[in-house]
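Below you'll find the structure, written out as structure tokens, and then a few comments.
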Amino acid sequence: MNKNELIMIKIMNELVHIYLNHGCNNVNINLVFDENKGMVELQGAVKNIDESVLNKLKMSLNTPRRDDTEEYYWGLLGSDYSSQLNLLDAMVDEGQLNYDNGILTLKVIRRF
């Protein structure tokens with residue numbers, strides 16, 4: 001497995017953690033790689049998630065990636081020290097969020 005694949009797996013794990021923290025017990029995951037990017041999309045039923053959490057997540061997933069600190073942050077993803085949103089915004093290039101009728105869909109892209 002190459003470094004980009006390992007990073008995408010850690011990003012996926014952090015996103016699953018977000019779902020589980022908000023009461024979801026069934027998450028569908030689609031993980032796709034091509035030569036230029038990795039994409040992970042998750043969908044699951046999350047009831048009563050606060051609007052402020054959604055706004056913070058949306059903002060975090062669309063904060064410009066920080067290449068200068070990436071080596072440090074990707075090592076923290078998935079650890080007990082990770083602050084999910086703060087680390088994710090350093091690792092992804094773009095994100096989409098949709099919350100409709102109790103279904104939360106997240107899609108993130110990381111360019112290689």
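Please treat every number below as a calculation from the coordinates, not as lab data. Because the structure is a prediction, the values reported are computed rather than measured. Cβ sites come from the backbone with ideal geometry, for glycine too, and all protein chains shown count toward neighbours.
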With a Förster radius of 35 Å, plug the Cβ-Cβ distance of Asn26 and Arg111 into 1/(1 + (r/R0)^6) and report the FRET value to the nearest 0.05. 0.70
Using each residue's phi in the stretch 29-45, evaluate 6.51 cos²θ - 1.76 cosθ + 1.60 at θ = phi - 60° and report the 3J(HN,Hα) Karplus result to the nearest Hz, with x for Gly and Pro. 10, 10, 10, 10, 10, 9, 5, 10, 7, x, 9, 10, 10, 10, 9, x, 7
Which cross-chain or sequence-distant (5 or more) residues have an amide H under 5 Å from the amide H of Lys37, H modelled 1.01 Å from N in plane? Phe112
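Taking the Cα centre as origin and putting +1 on Lys and Arg beta-carbons and -1 on Asp and Glu beta-carbons, what dipole magnitude results for the stretch 1-57, to the nearest 20 debye?
Values: 5 positive and 7 negative charges, 27 e Å.
With Lys and Arg at +1 and Asp and Glu at -1, about 140 debye.
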